[in-house]
Amino acid sequence: MSELATFLDAAFEGDGGAEVAGFASLLQAKADELVFVREAGLAAGLGASSARVVLAPDGVETGDRPTIRSAQPAADFSRLVEAFAPRWRPAEGVAEGAHVDRTAEVAPTASVEPGACVGPGCRVGARTVVSAGAILVADVRVGEDGWVHAGALLREGTRVGDRVILQPGVVLGGDGFGYVPDAQGRPVAMAQRGIVVLEDDVEIGANTTVDRATLDETRIRRGAKIDNQVQIAHNCDIGEDVLIAAQSGLSGNTVVGNRAILMARCATTGHLSIGEGAFLGANTAVHHDVEPGARLYGAPAMEERGWHRTLAAQKRLPELLKRVRRLERGLEPGDD
C-alpha cells in the first residue's frame, strides 16, 4: 500500500505493508483488492465489503482498514488501475492482414491490426492503435498515443490530435445533412468539402457521428468527452472540456462553450450558441442562444427554477381542471 501511496504522492494510514493484488468495487472486492469511497455518504458500503485496503477522502471513517487518503479518490483510483492493471494492447507494427497504402506513414511504435485499412496519404502517430476493421480513408492524420477502435471510419481529410480515443463504430467526416431545392423544388445535397478536426485528449463514444463541415471545419476542442450515439452536425464547434451525454443531437453550426455539460438526449436547432459552463438537463430542447453558466431543463428549454415550478404545477392539473369545471357549471365543491 505504501508503494501505491507514493505513486499518488498521497498520505496513508495504517499498515503500509498491506499487499494489494488488484482493484474492485466495494461489494465485489476480495480481501486483498483495493476499493475506493468517493464521500462520507457512501462509506456505509464498507461494512459489507471484504476489502481490507481503501482509498478515501480525509474525514471518511474506514475503521481499522489501511487507508490511502485522496482529495479525488475516483480519479486517483483510476490512475492506479491504469498504471498497475494496464489494458491489453496489440503488438507494435503493421499486422499481417492489415492494409497500409504505400503512400501512408505509420510510426514504428504504432499498431495496425488485421483488417484495418490506412489509405493513401494518411499518417498514424507513435503508439497509436488502429484496431481491426477501422478505416482511415485518405489524407487522415491521427496523432500520438491514440486508439481508433474496431469499425471506426475516418473520412478523407480528418485531423485527429494526440491521446484521442475513438470507440467502436465512430464515424468522423461523413457528409452533413444539408439540402437545397433545385429548379423543380426537389431537395439536392449541398456539396460538403470541409473537414473534421479533433484536438488533443478528446474521447468519442461508440457509434457517434461527427459530420464534416460544408466548408471550413467541424471542430471538437481539447479535452471534450462525447458519449455513445451522439450526432454532431456540420460546422459545429464544441469547446474545451465539454461533456455531451448519450443520444444528444446538435444541428449544424451549433457552438458549445468551454466546460458546458449536455445531459442525455439534449437537442439544439442550428446556428445557436451554448455559453461557457452552461448545463442542459436530460431531454432539454434548445431553440435559442444559452447564456454562460445557465441551467436549463425541458422542451422547450426553460430556466431551472421555472422548470421546477412548471413540474409542480403539472402535478396539480387534474384538481385544477375539476375546479374549473365546477366553476363552469356553477357548482360548489363536493357537489359532483
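The values are calculated or read from the model by the stated rules, or taken from the named source; none is laboratory data. These numbers were taken from a predicted model, which means no experiment stands behind them. Ideal geometry is used to build each Cβ from the backbone, glycine not excepted, and the neighbour counts take in all protein chains shown.
Brief remarks on what is shown
- Members of the range 2-11 found to be touching a residue at least 12 places away in the same chain (Cβ under 8 Å) and either outside any loop (DSSP other than H, G, I, E, B) or not assigned by TED's automatic domain parsing to the domain that holds Asp64 (or both), listed by number: Ser2, Leu4, Ala5, Phe7, Leu8
- Of all residues in the range 78-91 being part of a loop (DSSP other than H, G, I, E, B), under 26 Å from the mean Cα position of the chain (by Cα) and free of Cβ contacts under 8 Å to residues at least 24 places away in the same chain, the one that is nearest to Ala132 (Cα to Cα): Trp88
- Filter pass, Ala85 being in contact with a Ser or Thr (Cβ under 8 Å, 6 or more places away or on another chain) and either more than 30 Å from Ala43 (Cα to Cα) or loosely packed, with under 12 Cβ neighbours inside 10 Å (or both): no
- The numbered conditions (1) at pLDDT 95 or above; (2) exposed (fewer than 15 other Cβ atoms within 10 Å of the Cβ) are all true for Ala98 except (2).
- The listed residue being crowded, with 20+ Cβ neighbours inside 10 Å, farther than 25 Å from Val130 by Cα and in the same structural domain as Ala126 (by TED's automatic domain parsing), out of Ala260, Ala189, Ala183: Ala260
- Matching option when the condition is out of contact with any His (no Cβ under 7 Å at 6 or more places or on another chain) and under 21 Å from Ala246 (Cα atoms), among Gly157, Gly174: Gly174
- Filter result for Glu39 (of a type in the set (D, E, K, R) and farther than 18 Å from Val81 by Cα): yes
- Candidates Thr208, Thr158, Thr214, Thr218, filtered to the one that is polar (S, T, N, Q), in contact with a Leu (Cβ under 8 Å, 6 or more places away or on another chain) and assigned by TED's automatic domain parsing to the domain that holds His271: Thr158
- Single residue of the range 207-243 satisfying the filter (under 13 Å from Phe177 (Cβ atoms), within 14 Å of the chain's Cα centre (by Cα) and in contact (Cβ under 8 Å) with a residue 24 or more places away in the chain) that is surrounded by the fewest Cβ atoms within 10 Å (Cβ to Cβ): Thr209
- The number of residues in the range 101-111 that are assigned to a strand (DSSP E or B), closer than 18 Å to Ala152 by Cβ and not polar (S, T, N, Q) comes to 1.
- Matching residues in the range 244-254 - criterion: being in contact (Cβ under 8 Å) with a residue 40 or more places away in the chain and over 19 Å from Asp289 (Cα atoms): Ala246
- 1 or more residues closer than 20 Å to Gly239 by Cβ and not hydroxyl-bearing (Ser, Thr, Tyr): qualifying strands (runs of 3 or more DSSP E) within the range 134-209: 171-174, 195-198
- Checked against (1) modelled with pLDDT of 95 or more; (2) within 27 Å of Glu217 (Cβ to Cβ), Gly270 meets all criteria but (1).
- Remark: Ala282 matches the filter, which requires a residue to be touching a strand residue (DSSP E or B) at 6+ places or on another chain (Cβ under 9 Å) and free of Cβ contacts under 8 Å to residues at least 60 places away in the same chain.
- Selection from the range 112-125 of residues that are assigned to a loop (DSSP other than H, G, I, E, B), more than 24 Å from the chain's Cα centre (by Cα) and either farther than 17 Å from Glu96 by Cβ or outside the structural domain of Gly169 (by TED's automatic domain parsing) (or both): Gly119, Pro120, Gly121, Cys122
For every residue, the table says whether it meets (1) under 25 Å from Arg163 (Cα atoms); (2) in contact with an Asp or Glu (Cβ under 9 Å, 6 or more places away or on another chain); (3) hydrophobic (A, V, I, L, M, F, W, C).
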| residue | (1), (2), (3) |
| --- | --- |
| Arg38 | no, no, no |
| Gly59 | no, no, no |
| Ala95 | yes, yes, yes |
| Ala107 | yes, yes, yes |
| Glu113 | yes, no, no |
| Thr128 | yes, yes, no |
| Ala132 | yes, yes, yes |
| Ile135 | yes, no, yes |
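- Check on Ala246, in the same structural domain as Gln167 (by TED's automatic domain parsing), of a type in the set (A, V, I, L, M), over 27 Å from Gln192 (Cα atoms) and within 29 Å of the chain's Cα centre (by Cα): no
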